[in-house]
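The values are calculated or read from the model by the stated rules, or taken from the named source; none is laboratory data. Predicted, not measured: the structure shown is a model, and the values here were computed from it. Here the Cβ is made from the backbone with ideal geometry for all residues, glycine too, and neighbour counts use every protein chain on show.
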Amino acid sequence: MDGMKETEKPASTDAANTNATASANRLIASVSRAFLGKEDVVRQAVAALISGGHVLIEDVPGLGKTLLAKAIAKSVSADFKRVQFTADLLPSDITGVTVYAQDRHEFSFRPGPIFTNILLGDEINRATPRTQSSLLEAMEEKCVTVDGEAYPLEEPFFVIATQNPVELEGTYPLPFAQMDRFMIRLSIGYLDREGEIRVLRDQQTANPFDHVEPAMDCEALRGLHQAVRRISIEESLCGYLVDIIRATREADSLEYGASPRGSLDMQRFSQAVALMAGRDYVLPDDIKEAARVVLPHRLITKKGTRSVSVSARSVIDHIVDSVEVPL
């Protein structure tokens, strides 16, 4: 535009970013009405949602994993389905099945619960690996193939899954390829004393979940996906992000480092964090936060050495602290 400096942005872009930030924060506030005392967990889950990723929530029973997933689904006015994963669940119970209609003398496809905008996979590690793998194509390519026919999924498509890491009998650990398709893995943890007292007080007369209202619809969520991608990352920060990823591949304590998909998820998650903070650019702290929630579940520590006692999370903390931040 004539007379505009090269570094200036149109006012419409600033207004769009401001509206997107406000929408994201309304979504956080809506979820927080039901899920009390864990603001960071809510914020990170929403960051994954608005950046187009999927979320795995892993923690012991009774900490509100399913409540968080349901509160996110209720805060978005979208089609929502829940699948309770069990050992006898079949892939066709999720993706759908082709049936023969005798009255029309033809085969027709009957879609499964995966054809939705928000899918809650409760206790996902209780299903067999064959059933777990039915989500792989949908989570990555946004489509489902049944009997050789590809059926696209409607955007947005968001999977939020829960699993219990304590019980081993009757469970099947998620394969590495499945874990890599989740943008982040969250651990909720116990509430502090004041937070637990607040939960008791709020639950005395009513369930706060009943008061959760939709904060946006599918169209608004798709707009947030685009707004996240408009957040700029300076070239040196792209190099900083890649240096962290490469450090995971070169760490002596790790058998496998992060994949290129991990790089892309780190970039989008850091953009979402910047957007929610009201910025149109990414800071090094955004990338550091992204590394700590996007990478640990994608790493495999070496076995048979002293490194087996080193957790992936501690390795990431060391890498983030040691990789030089660009000035």
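So the values come out like this:
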{"item": "Lone unmet requirement of (1) aromatic (Phe, Trp, Tyr); (2) assigned to a strand (DSSP E or B); (3) touching a residue at least 60 places away in the same chain (Cβ under 8 Å) for Tyr151", "result": "(3)"}
{"item": "Leading residue by the ranking (surrounded by the fewest Cβ atoms within 10 Å (Cβ to Cβ)) among those in the stretch 75-106 that are assigned to a loop (DSSP other than H, G, I, E, B) and hydrophobic (A, V, I, L, M, F, W, C)", "result": "Ala87"}
{"item": "Qualifying residue in the stretch 157-168 (condition: touching a His at 6+ places or on another chain (Cβ under 7 Å), over 15 Å from Glu58 (Cα atoms) and assigned by TED's automatic domain parsing to the domain that holds Asn117)", "result": "yes"}
{"item": "Residue satisfying all of: in the stretch 25-50; under 15 Å from Asp286 (Cβ atoms) and either touching a strand residue (DSSP E or B) at 6+ places or on another chain (Cβ under 9 Å) or of a type in the set (S, T, N, Q) (or both); surrounded by the most Cβ atoms within 10 Å (Cβ to Cβ) among these", "result": "Ala47"}
{"item": "Which numbered condition Arg279 fails, given (1) assigned by TED's automatic domain parsing to the domain that holds Ala16; (2) touching a residue at least 40 places away in the same chain (Cβ under 8 Å)", "result": "(1)"}
{"item": "Where Cys143 falls short, out of the listed (1) surrounded by 13 or more Cβ atoms within 10 Å (Cβ to Cβ); (2) touching a helix residue (DSSP H, G or I) at 6+ places or on another chain (Cβ under 7 Å); (3) not polar (S, T, N, Q)", "result": "(1)"}
{"item": "In the stretch 146-162, the residues that are over 17 Å from Arg130 (Cβ atoms) and surrounded by 13 or more Cβ atoms within 10 Å (Cβ to Cβ)", "result": "Tyr151, Leu153, Glu155, Pro156, Phe157, Phe158, Val159, Ile160, Thr162"}
{"item": "Cross-chain or 6+ apart pairs with Cβ under 6 Å, the stretch 72-92 first and under 20 Å from Pro173 (Cα atoms), then surrounded by fewer than 18 Cβ atoms within 10 Å (Cβ to Cβ)", "result": "Val83/Pro113"}
{"item": "Subset of the stretch 107-125 (residues that are over 20 Å from the mean Cα position of the chain (by Cα) and either more than 28 Å from Arg222 (Cα to Cα) or outside any strand (DSSP E or B) (or both))", "result": "Phe107, Ser108, Gly112"}
{"item": "Some residue of the stretch 132-139 being surrounded by fewer than 17 Cβ atoms within 10 Å (Cβ to Cβ) and touching a residue at least 40 places away in the same chain (Cβ under 8 Å)", "result": "yes"}
{"item": "Residue match in the stretch 63-82 (condition: more than 19 Å from the chain's Cα centre (by Cα), at pLDDT 90 or above and either within 28 Å of Gln44 (Cα to Cα) or assigned by TED's automatic domain parsing to the domain that holds Pro260 (or both))", "result": "no"}
{"item": "Meets criteria (under 25 Å from Arg26 (Cβ atoms), in contact (Cβ under 8 Å) with a residue 60 or more places away in the chain and outside any helix (DSSP H, G or I)) for Leu224", "result": "no"}
{"item": "Complete set of residues in the stretch 175-219 that are buried (at least 16 other Cβ atoms within 10 Å of the Cβ), in a loop (DSSP other than H, G, I, E, B) and either without any contact (Cβ under 8 Å) to a residue 60 or more places away in the chain or in contact with a His (Cβ under 8 Å, 6 or more places away or on another chain) (or both)", "result": "Arg181, Phe182, Met183"}
{"item": "The listed residue being within 23 Å of Ile72 (Cα to Cα) and in contact with a helix residue (DSSP H, G or I) (Cβ under 9 Å, 6 or more places away or on another chain), out of Leu241, Leu224, Leu237", "result": "Leu224"}
{"item": "Verdict on Thr21 being part of a loop (DSSP other than H, G, I, E, B) and either modelled with pLDDT of 90 or more or surrounded by fewer than 16 Cβ atoms within 10 Å (Cβ to Cβ) (or both)", "result": "no"}
